[in-house]
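Everything on this sheet refers to the single structure shown next.
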Amino acid sequence: MNGAESLVRTLLAGGVDVCFTNPGTSEMHFVAALDRVPGMRCVLGLFEGVVTGCADGYARMADKPASTLLHLGPGLANGLANLHNARRARSPVVNIVGDHATYHHRYDAPLTADIEGFAKPVSAWIRTSADAGSVAADGAQAIVAALAPPGQVATLILPADTAWGEASGAIPRANPSGRDAVAADAVAESVAALRSGAPCAILMTGPALREKSLAVAGAIAQATGVRLLAQTSNARTQRGAGRVAITRVPYPVDQALAMLAGFRHIILVGAKAPVAFFAYPGKPSRLTPDDCAIHVLARPDQDMAGALDWLADELGADPATAPLQAPSRPPLPSGALDPDSLAQALAALLPENAIVADESITAGRNFQAATAGAPPHDWMQVTGGSIGCALPVATGAAVACPDRKVVCLHGDGGAMYTLQALWTQAREGLDVTTVICANRAYAILQHEFANVGAGAPGRRDRDMLELGRPDLDWVSLARGMGVPATKATTAEAFNDAFARGLASPGPYLIEAVL
Ligand SMILES: Cc1ncc(C[n+]2csc(CCOP(=O)(O)OP(=O)(O)O)c2C)c(N)n1
Ligand SMILES: [Mg+2]
């Protein structure tokens, strides 16, 4: 058995059975091993930002890592932005990067690069395998590192000769460490804050936004009057009818400041103390008032569900008493297609158990509010602010959950970064309905231009923020990659197209002209 095969068998033994890949010459023995060893699903992405975004989406839904296979430094570099989003999502990823053979390095061939240097900022764990005999053990440790709470990117660099050299065999599954319970002090501090009588909020993210923990938090809110809030961007929120609804801290700084203004205590469950996405002249970076105390009930790597259970116990809050979101569906919209009618159509049609990948930016400001009473579903956001995330995240989620409908809501600007994901959806027959919010602009930046006080935009400024001349033809772009598509310019046309996409078992794209 060679090193590559020992690694593939080790990955499978460790429960990693999907590989999102874009290989090159240095990975050919790994590619051969993927074919020789049965059991690994290999999914080709035509750009590394697709590969890494798929691994992120897969992990968010499967709660376990996929592996990637990337080609040397440049391949990794192309995938970095979505590894950044994966890091912020706390997604476990076994990020495998091929490298030149160890003895080839000294010649500084064209593709030679500082792979560890490229990997460092996004990786919690990095190892370059020394020889074929260590590849399996390194792979086993990469899985443990990826799964270490809260979930992280583990980068394994595989010189070509470690893949083709002789190895002894696979390493059996190792147990990853679990989440540590929170300290009694942290619970006591939160209880004291909740009993103080002063206005208090619980700010949550990560696993705390799954249905069961939300119910416990809802009961705590029912018992104490505390306000439940979620971070602005979350990897995955379980929401919809029959679940405890949670409001996010808004992105616009003034709205966030207004929401948080009255609180004297904020209890963090996996979340960070809220800060503005960007600095704006004359506005604060921290979003909480100066006299607001911040209490950490659970760090991101700790057991959030257990912490909430414990807190509920102390307060005598019974999860059965949590107030649940009532079902509500609006009628189908008619007339002009705009962000409001689009939101209404989503709310009217979103199917039960859907997975939503949301990078709709300005068009989607009301999508969450509108769909609060839709049937239960999961909602994934761009966690690291790096656009070009949702198309691959939707693709990876569809690989993880073949029985569920995935709906991808995307700005037209961000979608151009990783549109190759559509080809992967077509090739793999993935059940994803994509809605492109075609406002022909980087609309958010048009607002931000004013927000940062850059003055009135000139002609050249406008040219940097508008996407027209020519308009992107999303129907042709999708069809060119094997995805059926249609364009909607009215609410009625969108209703029909969205219903058609939801009814079809494979990928479908709608260019919603706003
Ligand atoms: C990787 C990366 N590059 C650039 C940006 C800056 N940026 C933020 S939003 C945006 C435009 C988004 O446009 P679109 O997806 O069409 O959404 P809209 O603002 O029109 O709603 C850009 C370029 C970013 N956040 N990430
Ligand atoms: Mg746009």
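The values are calculated or read from the model by the stated rules, or taken from the named source; none is laboratory data. What you see is a predicted model; the values in this text were computed from it and never measured. Cβ sites come from the backbone with ideal geometry, for glycine too, and all protein chains shown count toward neighbours.
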Which of the residues belonging to region 419-443 are in contact with a strand residue (DSSP E or B) (Cβ under 8 Å, 6 or more places away or on another chain) and either assigned to a loop (DSSP other than H, G, I, E, B) or within 15 Å of ligand 2 (Cβ to nearest atom) (or both)?
-> Leu430, Asp431, Thr434, Val435, Ile436, Cys437, Ala438, Asn439, Arg440, Ala441, Tyr442, Ala443
With respect to Ala32, is the statement that it is more than 16 Å from ligand 2 (Cβ to nearest atom), free of Cβ contacts under 8 Å to residues at least 40 places away in the same chain and outside any loop (DSSP other than H, G, I, E, B) true?
-> yes
In region 351-363, what residues are crowded, with 21+ Cβ neighbours inside 10 Å and farther than 20 Å from Ala241 by Cβ?
-> Ala357, Glu359, Ser360, Ile361, Ala363
Kindly indicate whether Phe47 is among the aromatic types (Phe, Trp, Tyr), within 23 Å of Tyr417 (Cβ to Cβ), surrounded by fewer than 24 Cβ atoms within 10 Å (Cβ to Cβ) and within 23 Å of the chain's Cα centre (by Cα).
-> yes
Return yes when Ala426 is away from ligand 1 (no atom under 12 Å from the Cβ) and either in contact with a Gly (Cβ under 6 Å, 6 or more places away or on another chain) or polar (S, T, N, Q) (or both) and no when it is not.
-> yes
Hey, among Phe494, Phe449, which residue is part of a helix (DSSP H, G or I) and touching a residue at least 24 places away in the same chain (Cβ under 8 Å)?
-> Phe494
Extreme residue, nearest to ligand 1 (Cβ to nearest atom), among residues of region 385-419 that are under 21 Å from Val513 (Cα atoms) and over 17 Å from the mean Cα position of the chain (by Cα) = Gly413
Which residues, counting only those in region 435-461, are more than 30 Å from Pro507 (Cβ to Cβ) and either within 14 Å of ligand 1 (Cβ to nearest atom) or modelled with pLDDT of 95 or more (or both)?
-> Gln446, His447, Glu448, Phe449, Ala450, Asn451, Val452, Asp461
Among (1) buried (at least 20 other Cβ atoms within 10 Å of the Cβ); (2) in contact with a Leu (Cβ under 6 Å, 6 or more places away or on another chain), the one test that Ala348 misses = (1)
Flagged in region 449-462 as surrounded by fewer than 17 Cβ atoms within 10 Å (Cβ to Cβ) and in contact with a Leu (Cβ under 9 Å, 6 or more places away or on another chain), in numbering order, are Pro457
Taking the condition modelled with pLDDT under 95 and of a type outside the set (Ser, Thr, Tyr), does His410 pass?
-> no
Contacts under 6 angstrom Cβ, first residue in region 244-258 being closer than 16 Å to His447 by Cα, partner polar (S, T, N, Q) and surrounded by 19 or more Cβ atoms within 10 Å (Cβ to Cβ), 6 or more apart | Tyr251/Thr232
Across region 444-471, what is the total count of residues that are farther than 19 Å from Asp338 by Cβ and either within 12 Å of ligand 2 (Cβ to nearest atom) or among the polar types (S, T, N, Q) (or both)?
-> 3
Scan region 422-460 for residues that are over 30 Å from Ala503 (Cβ atoms) and of a type in the set (A, V, I, L, M) and jot them down.
-> Ala441, Ala443, Ile444, Leu445, Ala450, Val452, Ala454, Ala456
List every residue pair whose Cβ atoms lie under 6 Å apart, where the two residues are 6 or more positions apart in sequence or sit on different chains, the first residue falls within region 351-370 and is touching a residue at least 12 places away in the same chain (Cβ under 8 Å) and within 17 Å of Pro330 (Cα to Cα), and the second residue, located anywhere, is crowded, with 16+ Cβ neighbours inside 10 Å and of a type in the set (Lys, Arg).
-> Pro351/Lys405
Wholly inside region 87-204, strands (runs of 3 or more DSSP E) that include 2 or more residues that are surrounded by 20 or more Cβ atoms within 10 Å (Cβ to Cβ) and in contact (Cβ under 8 Å) with a residue 40 or more places away in the chain are 93-99, 153-159, 200-204
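Matching residues to (1) more than 19 Å from Asp56 (Cβ to Cβ); (2) modelled with pLDDT of 95 or more:
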site: Ala4; (1), (2): yes, yes
site: Val8; (1), (2): yes, yes
site: Leu11; (1), (2): no, yes
site: Gly15; (1), (2): no, yes
site: Phe20; (1), (2): no, yes
site: Thr25; (1), (2): yes, no
site: Ala32; (1), (2): yes, no
site: Val43; (1), (2): no, yes
